[in-house]
Structures are given as structure tokens and as C-alpha cells.
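The block underneath contains the structure these notes are about, expressed in C-alpha cells.
The values are calculated or read from the model by the stated rules, or taken from the named source; none is laboratory data. None of these values were measured; they are calculated from a predicted model. Because the Cβ atoms are built from the backbone with ideal geometry, glycine has one as well, and the counts that use them run over all protein chains shown. Heavy atoms of the whole protein, side chains included, go into the accessibility calculation; ligands, DNA and RNA do not. Shrake-Rupley method; radii C 1.70, N 1.55, O 1.52, S 1.80 Å.
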Amino acid sequence: MKHAHFGHQDKILLLQHGCTDLLTLAQRRGAPLHKLLAGTRIFEQDLHKPHGRLHHADWLKLLHNSQQHLNSPELPFLLGSALLHNHYISLCQTVLHAENLSQALRQLYYFRHQLFPSIYVQLCRQPQHLVLEFHSGIALGPQYSSCISIVLSLLLNLIKQQLGNTEGVSVQLQHDTATAVQSQLHWGCEVVANQACNSLHIALPKLQLPFHTADKEKCTAALRTCRQLNRILPRQRGLLERIYRLQRRALPQLLSLEQVAQQLDISVNTLKRQLKQQKTNFAQQLDAIRRDAARQLLQQGHYSNRQLAIRLGYSDEHNFRRAFKRWTGLLPSNFKSLLNSPSL
């Protein structure tokens with residue numbers, strides 16, 4: 001069965017799953033509602049509909065308007081916390097009443113399309129940590145860093161509330177040092193700037209610690225609501241995520257443009273056009289897939305350059321080393337040394 005992918009003009013977000021929380025936070029800080037809704041297709045009366053939906057483009061416009069009128073850098077951090085404690089979001093009620101962090105993350109991963117459909121996660125298990133790498137399933141433009149901050153704020157607030165501290169937890173951000181410092185103040189954990197991707201690192205023992213508000217009955221009831229909500233919000237994925245997952249499964253043999261279009265059940269010209277709308281192209285997507293796979297393989301084990309080249313579909317070690325240097329500015333051996341550094 002082929003699963004459709006969504007774009008910016010599809011109504012795949014519930015107004016009650018972030019939009020109303022954002023508007024409430026912005027209005028409390030003095031932003032008028034009509035200015036926040038300017039340029040969107042959302043009307044005030046829509047905000048009170050239980051299952052009212054909005055286009056993803058409108059969500060990004062709301063984020064832009066809120067930041068423009070408030071100039072409030074802490075807004076994404078506050079929104080992540082507000083979402084976690086929203087009693088009308090069944091997914092958040094599920095994770096709050098989960099048995100432990102491991103169970104909470106599994107539910108978030110499975111039902112994330114109900115809250116964060118534009119962000120997808122690659123899981124990487126290291127000897128001492130579980131690493132969650134965050135990627136965008138559709139182009140998020142200037143709001144990308146805000147969207148990542150919202151997701152991370154929800155997760156880190158969950159950890160602090162349920163486990164009492166963020167020991168054994170760290171964040172790596174693509175953002176600059178100033179943004180990382182501000183993030184560290186809000187999250188209360190180590191934040192490293194200028195990294196290859198946005199990721200959350202959780203010490204493995206922390207995953208099994210019991211949650212403070214664990215409640216099996218409430219968790220089961222919330223899960224039931226999440227499953228019912230799937231009838232309204234199907235598990236669609238963004239175009240970039242669909243391509244990413246297709247290609248990762250195909251490694252070391254990458255799919256051609258024609259093969260990917262066939263898998264997505266669209267024409268080659270339609271795929272090219274949709275990628276252009278996402279501000280990317282097929283070659284850039286292939287390069288990113290190999291880059292992320294190389295970094296994750298190096299994090300997971302001790303692979304030689306020859307083994308990595310074979311697993312990534314390169315003809316020889318030289319081509320792989322040259323590509324890795326272009327991606328990271330480092331040779332694979334130097335990257336491995338950094339991974340083993342105590343500061344990381």
C-alpha cells in the first residue's frame with residue numbers, strides 16, 4: 001500500500017494542536033490577534049472548532065507573525081512546554097502518564113504526525129546513549145530552528161518533570177553559539193553548537209527510570225483517543241522524509257529519480273517540481289542521505305573507510321573520504337576522534 005505524502009498546502013494540522021497555544025502565548029505578550037492571523041487562511045471562528053484544521057503553510061506563517069510582532073526568542077521554548085501540558089492533546093497526555101521515557105518516546109515516535117508532522121527522527125543507539133536526530137520532512141524555511149526548539153523543549157520538559165533532572169542528557173544543535181547558550185539556559189542541560197545535525201542524546205539508563213506521574217489506566221485511555229484521531233489525521237509523511245526513508249532502505253544501491261517517482265506513485269516531472277517547491281533537488285537529497293548514514297555508522301561502531309564506502313555505495317575509499325571531508329570538514333578518522341572526546 002502506497003502512503004500519500006503531504007505538502008505545505010495540505011490541511012494536516014489540528015488548530016488545537018499548537019496553533020491555539022501559540023496564539024494564547026503571543027496574545028498574553030501583547031500581540032493583537034488580527035496581526036497574528038494576517039496572511040493566513042485562518043479565521044477567528046475557526047479557532048473554536050474541536051477538529052478544525054490548518055495548512056502547514058499557515059502554521060509557518062503564524063510562527064513568523066508571532067516572532068515578528070513580539071521579537072520574543074523564548075517563545076518556542078514556552079510553546080514546547082505549553083504543548084506538553086495541554087489537556088486537549090491526547091498524545092501529550094499519553095507521554096505524561098507513560099511508564100517511563102522509553103515508552104513515552106515510542107508513543108511520540110508512532111503518533112508524531114498528530115503533533116509534529118513536519119519533523120521526523122532517526123534513532124541511533126550508541127554504547128552509552130540513545131541519539132535522536134531531528135530532520136525536516138518538508139522545507140520549513142526560516143522557521144526551521146523554531147520548530148526544532150519546540151520539539152526539543154517538549155522532550156526536555158518531559159524529562160525534567162518526570163525524572164527531576166537532565167543528568168545524562170545533552171543536545172547538539174546546528175545553530176550558532178549564541179543560540180546554543182540561550183537554549184542551555186532554558187533546557188538546563190549541556191548544549192553544543194555548530195554541529196552536523198540537531199540531536200538529543202539520552203543516557204541509556206535514563207530510559208527505564210519510572211515516571212513520576214505514570215498511570216497505566218490514563219495512558220491507555222489517551223492512547224485509545226490517539227488511535228481514534230488517526231481516522232482524522234492519517235499517518236502521512238512529508239516528501240523529503242518519504243525520499244529519505246526509501247533511499248536509506250535501498251543502501252548501498254541508491255534509487256534513481258525514476259524509481260523514486262514510481263515508489264511515490266507520481267511522475268518524474270511532478271517529483272522534480274515538488275522538490276523544487278521544497279527548495280532542493282534530487283542530487284542534494286542523495287548527498288544528504290549518504291552524509292547522515294556515514295555519520296550514524298561512525299557513531300554506532302568501528303568501521304573502516306573501506307567498509308563505509310561499500311555500505312554507502314561508493315566505488316572506492318578515496319571517493320568516500322573526499323565526500324566526508326566535504327560534508328564535515330574532517331576526515332573520517334578525525335571525526336571518530338571527536339566522537340571519543342570526553343567533551344562530547
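What number of residues within segment 174-206 are at pLDDT 90 or above, among the small types (Gly, Ala, Ser) and open to solvent by less than 10 Å² (accessible area, probe 1.4 Å)? So the answer is 2. Filtering segment 224-245 to residues that are under 17 Å from residue 133 (Cα atoms), in contact with a Ser or Thr (Cβ under 9 Å, 6 or more places away or on another chain) and either open to solvent by 50 Å² or more (accessible area, probe 1.4 Å) or assigned to a helix (DSSP H, G or I) (or both) leaves 240, 241. Scanning segment 42-63 for residues that are charged (D, E, K, R), open to solvent by 60 Å² or more (accessible area, probe 1.4 Å) and at pLDDT below 95 turns up 44, 49, 53. In summary, residue 212 fulfils each of the numbered conditions (1) open to solvent by less than 30 Å² (accessible area, probe 1.4 Å); (2) in contact (Cβ under 8 Å) with a residue 24 or more places away in the chain with the single exception of condition (1). Condition first: out of contact with any strand residue (DSSP E or B) (no Cβ under 9 Å at 6 or more places or on another chain) and open to solvent by 30 Å² or more (accessible area, probe 1.4 Å). Now tell me which residues in segment 283-302 satisfy that. Within segment 283-302, 283, 284, 286, 287, 290, 291, 302 meet the criteria.
Taking segment 257-344 and the helices (runs of 4 or more DSSP H) fully enclosed by it, the elements with 1 or more residues that are under 16 Å from residue 247 (Cα atoms) are at 257-264, 268-277, 282-300, 305-311. Among the residues making up segment 105-124, a single one is part of a helix (DSSP H, G or I), open to solvent by less than 30 Å² (accessible area, probe 1.4 Å) and of a type in the set (Phe, Trp, Tyr): 111. Among the residues of this structure, residue 253 does not count as one that is in contact (Cβ under 8 Å) with a residue 12 or more places away in the chain, open to solvent by 50 Å² or more (accessible area, probe 1.4 Å), touching a helix residue (DSSP H, G or I) at 6+ places or on another chain (Cβ under 6 Å) and not aromatic (Phe, Trp, Tyr). Based on this model, can you work out whether residue 171 counts as open to solvent by 10 Å² or more (accessible area, probe 1.4 Å), touching a Leu at 6+ places or on another chain (Cβ under 7 Å), within 23 Å of residue 72 (Cα to Cα) and in contact (Cβ under 8 Å) with a residue 12 or more places away in the chain? Against the criterion (open to solvent by 10 Å² or more (accessible area, probe 1.4 Å), touching a Leu at 6+ places or on another chain (Cβ under 7 Å), within 23 Å of residue 72 (Cα to Cα) and in contact (Cβ under 8 Å) with a residue 12 or more places away in the chain), residue 171 does not qualify. Consider segment 304-344 and keep the residues that are crowded, with 17+ Cβ neighbours inside 10 Å and among the hydroxyl-bearing types (Ser, Thr, Tyr). The one that is modelled with the lowest pLDDT is 328. The number of residues in segment 14-36 being among the aliphatic types (A, V, I, L, M), within 25 Å of the chain's Cα centre (by Cα) and open to solvent by 10 Å² or more (accessible area, probe 1.4 Å) comes to 1.
The criterion of at least 2 residues that are closer than 30 Å to residue 271 by Cβ is met by the following helices (runs of 4 or more DSSP H) wholly inside segment 1-78: 56-70.
Scanning segment 130-145 for residues that are more than 19 Å from residue 288 (Cβ to Cβ) and surrounded by 19 or more Cβ atoms within 10 Å (Cβ to Cβ) turns up just one, 143. Only a single item in (1) within 26 Å of residue 208 (Cβ to Cβ); (2) at pLDDT below 95; (3) touching a strand residue (DSSP E or B) at 6+ places or on another chain (Cβ under 6 Å) is not met by residue 169, and it is number (2). Comparison of 248, 295, 306 shows that the only residue that is among the basic types (Lys, Arg) and over 17 Å from residue 135 (Cα atoms) is 306. The listed residues are 328, 280, 225, and the only one of them that is within 25 Å of the chain's Cα centre (by Cα), over 30 Å from residue 142 (Cβ atoms) and hydroxyl-bearing (Ser, Thr, Tyr) turns out to be 225. Taken residue by residue, segment 85-104 has no member that is part of a helix (DSSP H, G or I) and modelled with pLDDT under 95.
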